[in-house]
1. Please go through region 17-58 and pick out each residue that is in a helix (DSSP H, G or I), under 20 Å from ASN178 (Cβ atoms) and either touching a strand residue (DSSP E or B) at 6+ places or on another chain (Cβ under 7 Å) or not hydrophobic (A, V, I, L, M, F, W, C) (or both).
2. If you check every pair at least six apart or on different chains, which have Cβ atoms under 7 Å apart with a residue in region 227-249 that is within 14 Å of ASP124 (Cα to Cα) first and a residue that is among the hydrophobic types (A, V, I, L, M, F, W, C) and at pLDDT below 80 second?
3. Out of ILE106, ILE138, which single residue is of a type outside the set (Asp, Glu), touching a helix residue (DSSP H, G or I) at 6+ places or on another chain (Cβ under 9 Å) and touching a residue at least 24 places away in the same chain (Cβ under 8 Å)?
4. Of the residues that sit in region 61-93 and are without any contact (Cβ under 8 Å) to a residue 24 or more places away in the chain and over 18 Å from LEU288 (Cα atoms), which one is most open to solvent (accessible area, probe 1.4 Å)?
5. Tally up the residues in region 171-184 that are more than 17 Å from the chain's Cα centre (by Cα) and in contact (Cβ under 8 Å) with a residue 24 or more places away in the chain, please.
6. So if I check each of ALA102, ALA149, which one is among the small types (Gly, Ala, Ser), within 23 Å of the chain's Cα centre (by Cα) and under 22 Å from TYR262 (Cβ atoms)?
Amino acid sequence: MQDFLLGNHSSLTEFILLGFSGNTKINVILFSVFLFLYLVTLLGNGLIITLICKDSRLHTPMYFFLSVLSILDMGYITTTVPQMLVHLVSKKKTISYVGCVAQMYIFLMLGITESWLFAIMAYDRYVAICHSLRYNVIMSPLLCGLMVAFCGFWGTSCALIYTVSAMILPYCGPNEINHFFCEVPAVLKLACADTSLNDQVDFILGFILLLVPLSLIIIVYINIFAAILRIRSSQGRLKAFSTCASHITVVTMFSIPCMVMYMRPGSKASPEEDKKLALFYNVISAFLNPIIYSLRNKDVKRAFLKVTGWGNAPK
């Protein structure tokens, strides 16, 4: 496998991930911060998955998609953060060529799947608000499963295109990646070849995988807001809008940094800005998702109280 990946395209067998800083004291602080974020992210998303599995009242399409999102977030952050934590406290900051390819592919696969999942979740909210009487009929378990499979198909296939187009280029040195993981734009800067074609591929794929789902989400929410405005009760309008607010917040946090990262030419990229953007849609987004979806969600709070047995569930 390794010989196949290396072939005649690269004389490098490993890369060095420069990370954030060479200052030991700063790295110790960063290690503590990111370890906290990582553990809380796993705990928060794991708790949401557990509550959805345990409480039958959460066995609905909306919470099914939310559980899938939590699984993706846990995998997404685990692909990058554990290695970053090791590198923050270790002198050796290397990753093998094959390991870099694997990390790149898994990261892209989960990220692309999540991007399309957000569009599916928006459609779910549209059906719930605009066709509430037929919601359970339209959003059948079969359709929900097919929708998630569709997202997974886009993730696995397009991530393969991204990864192959980047790693078939020759890499002959230097081998220092100015990033905390093997992200495509950072790796391409080390290629011993013209990457303008890769910029075009990245832009086209970015359009398909980011702008298309985002456009669908915008169209869906225009229809949702039009339906909400037709609701006579102000309390009803507020309740309908609150079910969408969490999703809009999460989509914004994820999509905008991703578009900036993957749809601009590589020559205009700044390594330090890229690291901050990557932290936002990889670490911060996964950390905030369970908080955003659960803080104002009475169903999740009720399920938590029921599962833990902490007091009586609020009515």
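1. Matches in region 17-58: THR24, ASN27.
2. What qualifies is ALA240/ILE231.
3. Details: ILE138 fails: touching a residue at least 24 places away in the same chain (Cβ under 8 Å).
It is ILE106.
4. LYS91
5. Here the count works out to 8.
6. Of the residues listed, the single one that is among the small types (Gly, Ala, Ser), within 23 Å of the chain's Cα centre (by Cα) and under 22 Å from TYR262 (Cβ atoms) is ALA102.
The values are calculated or read from the model by the stated rules, or taken from the named source; none is laboratory data. Note that the structure is a prediction, hence the values are computed from the model and not measured. As a convention, Cβ positions derive from the backbone with ideal geometry for all residues, glycine included, and neighbour counts pool all protein chains shown. All accessible areas refer to the heavy atoms of the entire protein, side chains included, with ligands and DNA or RNA removed. Shrake-Rupley method; radii C 1.70, N 1.55, O 1.52, S 1.80 Å.
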